[in-house]
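Here's the structure we're looking at; comments come further down.
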Amino acid sequence: MRTQIGIVGAGPAGLVLAHLLHLQGIESVVIETRSRKYIEERVRAGLLEHGTVKLLIETGVGERLQRECLTHHGIVLRFHRGSHRIDFNDLAGGKTVTIYAQQEVIKDLVAARLAAGLPILFDVEDVSVHGYEGSSPSIRFHAAGKEEVLHCDYIAGCDGFHGICRPSLPAGVLTEFERVYPFGWLGILAEAPPSNDELVYCYHERGFALLTMRTRQISRLYLQVPHDEDIEAWSDDRIWSELRKRTEADGGWKLNEGHIFQKNIASMRSYVVEPMQYGKMFLAGDAAHIVPPTGAKGLNLAVADVRIMAKAFAEFYKTGKTHLLERYSETCLRRVWKAQRFSWWMTSMLHRFDTDNAFDQRRQLAELDYVTSSRAAMTSLAENYVGLPWD
Ligand SMILES: Cc1cc2nc3c(=O)[nH]c(=O)nc-3n(C[C@H](O)[C@H](O)[C@H](O)COP(=O)(O)OP(=O)(O)OC[C@H]3O[C@@H](n4cnc5c(N)ncnc54)[C@H](O)[C@@H]3O)c2cc1C
């Protein structure tokens, strides 16, 4: 097999990249270890930045998104039983964020690729990458028990945090920057209409809670829990009881409850590797960086990376110039580090830390008071939340 770009991983990074390359007339093959059903049902992100939505619509894969999404014009920060709205209309120049589950984005991209008759190989095994230091990159794998070799001009490592592309790079090439948090998020999906039209971020002495949603009938709710928490320790009753306490508010507030049909615990980490490229291997999305989900940036960063990568490949195939390819990592990392800063800041402001003392709690409350009363501080939050400009 031979193609121009060999893409490892059919997450948002790999699939958006394949789609953008196709629109530029560049061939690619996507290989994925999981089944189509698995990636189309995997529950993860749900909040899309303004720029991500614009890109999906402009490139022809936003038709169902536009029909089914929920558009949000603000978020609420809640502390001391008080609710404070950050109004994006007023503060972020009318930009919005959009609720549309990651697995729905995946379904739309897979459908578009298959409808165009383009290659995407599911259920492959034993993937390994070779030759990217020189001029003949290749990807080896097993498909239906048979060994295959995909020769390509470049390899796009879009295989997520636990993939093989990043660890395949020679020792000493990458520098890792990491912060692991002493807590995780217990997330549930529940058959309950959202209690509020927009996301509610709750700071509470018992720990952080987040109210979000997937549709007008399905709530997505999160609780801060210790990083090594056992999900079995959380019965449905305990989850609802804790959510009621942490989201308490004045003014007739009521938490809508319903049947919980999915629950899991996700760990929280900030992580970046530099550079995001080596020879003919380019990393994108979670393969190169992870953010704690508080700022809802992970999927959006993956899309921002591959937009830059696709432009660089387009320049190369049209003109033979490698200028944009050479600057790929540097260009991406400017945005990545700003998203890291924002995600870390939101996380630090809203969560309880093991080491918290009375000083830290007063400091967090002062920060929340500031960010909900100063127009300058609210504007900073709003412009980062909807997504910083791409160019
Ligand atoms: C609970 C949770 C909530 C989140 N909420 C948000 C949110 O609200 N907003 C947001 O923007 N982000 C959020 N994120 C983050 C977001 O889901 C990720 O950042 C996003 O999935 C990254 O996309 P990706 O394509 O880089 O990686 P992935 O989605 O991880 O895709 C990588 C793909 O590569 C495949 N793969 C792995 N190894 C191999 C291999 N060896 N060969 C071939 N294929 C391989 C995997 O199966 C996978 O399909 C959340 C994440 C979690 C866990």
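Of note:
- Solvent-accessible surface of the chain, averaged per residue with a 1.4 angstrom probe and all protein chains in place: 43 square angstrom.
- Alpha carbon centroid spacing (whole Å) that separates the stretch 133-197 from the stretch 214-228: 24
- Alpha carbon centroid spacing (whole Å) that separates the stretch 257-274 from the stretch 32-58: 16
- The shape of the stretch 287-391 can be summarised by an equivalent ellipsoid whose semi-axes, obtained from the alpha carbon gyration tensor, come to 36, 14, 9 Å from longest to shortest.
- Inverse mean reciprocal Cα-Cα distance (Kirkwood Rh) of the chain, Å: 21.9
- Value of Rg to Rh for the stretch 204-277, rounded to two decimals, is 1.06; Kirkwood radius and Rg both from alpha-carbon coordinates.
- Bridge type composition, the chain - antiparallel percent by DSSP, nearest 5: 75
- Environment charge at Gly258 (Cβ cut-off 11 Å; Lys +1, Arg +1, Asp -1, Glu -1): -3
- Here the dipole of the chain is about 660 debye; that uses its Cα centre as origin and unit charges on the Cβ of Lys and Arg (positive) and Asp and Glu (negative).
- Dipole orientation for the chain: of the candidates Gly279, Pro193, Thr59, Thr59 has the Cα lying most toward the positive pole (charges on Cβ; Lys, Arg +1; Asp, Glu -1).
- Over the stretch 189-327, all Cα pairs binned in 5 Å intervals from 0 give whole-percent P(r) values of 2, 8, 15, 16, 14, 11, 9, 7, 7, 6, 4, 2, 0, listed from short to long.
- Square roots of five times the Cα gyration tensor eigenvalues for the stretch 1-64, Å: 21, 18, 9
- Along the stretch 241-250 the Karplus relation, 6.51 cos²θ - 1.76 cosθ + 1.60 evaluated at θ = phi - 60°, assigns HN-Hα couplings of 4, 5, 4, 4, 5, 6, 9, 3, 7, 7 Hz to successive residues, with x for each Gly and Pro.
- Phi-derived couplings, Karplus 6.51 cos²θ - 1.76 cosθ + 1.60 at θ = phi - 60°, listed residue by residue for the stretch 53-67: 5, 4, 4, 5, 5, 5, 9, x, 10, x, 5, 5, 3, 5, 6 Hz, with x used for Gly and Pro.
- Solvent-accessible area of Trp234 with every protein chain in place, 1.4 Å probe, in Å² to the nearest 10: 10
- Selection of chymotrypsin sites (Phe, Trp or Tyr not before Pro), the stretch 252-309, meeting DSSP coil and at most 16 other Cβ within 10 Å: Trp253
- Over 26 Å between alpha carbons, listed pairs Lys107/Lys245; Lys107/Lys254; Lys280/Lys311; Lys95/Lys338: Lys107/Lys245; Lys107/Lys254
- Rounded to whole numbers, the Karplus 3J(HN,Hα) couplings from phi for the stretch 16-32 are 5, 4, 4, 5, 5, 5, 4, 5, 9, x, 9, 7, 8, 10, 9, 10, 9 Hz, using 6.51 cos²θ - 1.76 cosθ + 1.60 with θ = phi - 60°, and x at Gly and Pro.
- Less than 5 angstrom separates the built amide H of Leu199 from those of Val76, all sequence-distant by 5 or more or on a different chain.
- When the stretch 1-151 is reduced to its Cα atoms, the Kirkwood hydrodynamic radius in Å: 17.5
- Within the shell defined by Cβ-Cβ distances under 9 Å, the residues around Gly184 carry a net charge of -2, with Lys and Arg each +1 and Asp and Glu each -1.
The values are calculated or read from the model by the stated rules, or taken from the named source; none is laboratory data. Only a predicted model underlies this, so the values are computations on that prediction, with no experimental measurement involved. Note that we place each Cβ from the backbone using ideal geometry, even for glycine, and neighbour counts take in every protein chain shown. Areas reflect the complete protein model, heavy atoms only, side chains present, ligands, DNA and RNA absent. Shrake-Rupley method; radii C 1.70, N 1.55, O 1.52, S 1.80 Å.
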